[in-house]
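One structure is given below, encoded as structure tokens.
Please treat every number below as a calculation from the coordinates, not as lab data. The structure displayed is predicted, hence computed values, not measured ones. We place every Cβ from the backbone using ideal geometry, glycine too, and count neighbours over all the protein chains shown.
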Amino acid sequence: MPFPGIIGQTAVKKRLGEALTGQPGHAYVFTGPRGIGRRSLAMLFAQGLLCEQPDEDGPCFNCTACHHFQNQVHPDFRRLSLEKKEKNIKVERVRHQISADMSMQPQFGNRKVYLIPVDDLNEQGQNALLKSLEEPPPYVCFLLTVEQLDRLLPTIRSRVVPLIMQRLNREEITAILREKQAGDPAAWPFYASFSGGIPGVAVDFAGSEWFGSLRQECLDLYDSLGQAGRARLLTSGFDFFERNREQTSLLLDLLGSLIRDQMVCLTGGADLTNSDQLDLLKRQPVYRLSSEQARVRLDRAYLAILSAQRGLTANASFELLVCQLLLTLRKELIHA
Ligand SMILES: [Zn+2]
């Protein structure tokens, strides 16, 4: 799929197209959150750099170099990645697969391309990479990927051209979900919003059963806040958090999105994350309060979510954190 077939990232695609039809640099870094599409675009650019007749839309997909690349047998392309049980890519592998390899001329065309996920290198690994970046042979091009630019050693950062990947808008994410036929189309607007503009997150969540059932349980919990007595809420609500302890931050995000939507509903806005849950939002007692009263309560409920998120990162007591949250939500949202 050439550049125009990739949804979003207009600015980065334009720069890559210009590089392919002009004089490409020796080192680029694709930066952005996990799931944004750094590696896919870097792979496409790598293929374009090795292609015999690339244009501003990327590689031709027809030449021998493109065929080799797509069959993963192009001799002048190397991609470093974590091996089983590796926490970081070993320094020896950086030295062997890059530093030693790059001194050998390209076998096929007139370039060699190395794709390196810097998030998987520790400082030693980055230092080994720096040696290669300092004086590369003229035919070498490095493509790095990293979540945040400040993860790069300053000495590496000053030698690479940054390509900053942008979050996608809801229409673009929905188009990707449609393309992949990921999960239930009725929930696509939710995933398009909840993913925060990161297509990989939207596709993963929309296509996974565990996330679907986690969300459903979260909706049930939100719905039950008013009906369950205090003691029962603490038992069943706590049990839910306990069973999904590893996902607490995600649960808080889900609950937070409902409270934010509840605020939007109150002001008659239509920009909801949980637009498929309008009935649930409208049957909450807080929805029937005067808008001023409701606003104050929703603010406090939302602050409770933020405070739980902070407690989580500060390693506060899990039991205390969950119980306080449940009681605050019940008090503010439901129990007048
Ligand atoms: Zn080609």
Taking Lys and Arg as +1 and Asp and Glu as -1, residues besides residue 97 with C-beta under 14 Å from its C-beta add up to +1
Taking every DSSP bridge whose two residues both lie in the stretch 3-164, the antiparallel percent to the nearest 5 is 5
Heads up, the stretch 31-82 by the C-alpha gyration tensor (a ≥ b ≥ c square roots of eigenvalues; a/c under 1.5 rounded, else a/b over b/c prolate, else oblate) looks oblate
Taking every alpha carbon pair in the stretch 3-164 and sorting the distances into 10 angstrom bins from 0 up to the bin holding the longest one, the percent per bin comes out as 11, 42, 38, 10, 0
Sorted by chain and then number, the residues having a modelled amide H within less than 5 Å of the amide H of residue 115, at least 5 places away or on another chain, are 78, 79, 80, 143
Measuring from its Cα centre, the chain shows a charge dipole (+1 at each Lys and Arg Cβ, -1 at each Asp and Glu Cβ) which, in debye to the nearest 20, is 580
Given Cβ charges of +1 for Lys and Arg and -1 for Asp and Glu, the option among 281, 317, 307 whose Cα lies farthest towards the positive end of the dipole of the stretch 275-325 is 281
Cβ-Cβ cut-off under 13 Å around residue 25, Lys and Arg +1, Asp and Glu -1: the net charge is +2
Residue-ordered couplings for the stretch 38-46, obtained by feeding phi - 60° into the Karplus form 6.51 cos²θ - 1.76 cosθ + 1.60 and rounding to whole Hz (Gly and Pro as x), are 4, 5, 4, 5, 5, 5, 5, 5, 4
Note on the chain: C-alpha Rg/Rh, Kirkwood Rh, two decimals, gives 1.08
As a percent rounded to 5, the proportion of antiparallel DSSP bridges among beta bridges in the chain is 5
Between the alpha carbon centres of the stretch 73-106 and the stretch 178-238 the gap in Å comes to 40
Toy charge model, Lys and Arg Cβ at +1, Asp and Glu Cβ at -1: the stretch 3-164 dipole around Cα centroid in debye, rounded to 20, equals 400
Final fewest-first order of 174, 31 on the 10 Å Cβ neighbour count is 174, 31
Mean Cβ-within-10 Å packing, highest first, puts peptides 283-293, 258-268 in the order 258-268, 283-293
Fewest-first ordering of 188, 210 by Cβ atoms within 10 Å yields 210, 188
For the stretch 229-243, Karplus-derived ³J(HN,Hα) couplings (6.51, -1.76, 1.60; θ = phi - 60°; whole Hz; x for glycine and proline) come out as x, 4, 5, 5, 4, 5, 6, 6, x, 5, 4, 4, 5, 4, 5
Ranked from fewest to most other Cβ atoms within 10 Å of their own Cβ, 30, 190 fall in the order 190, 30
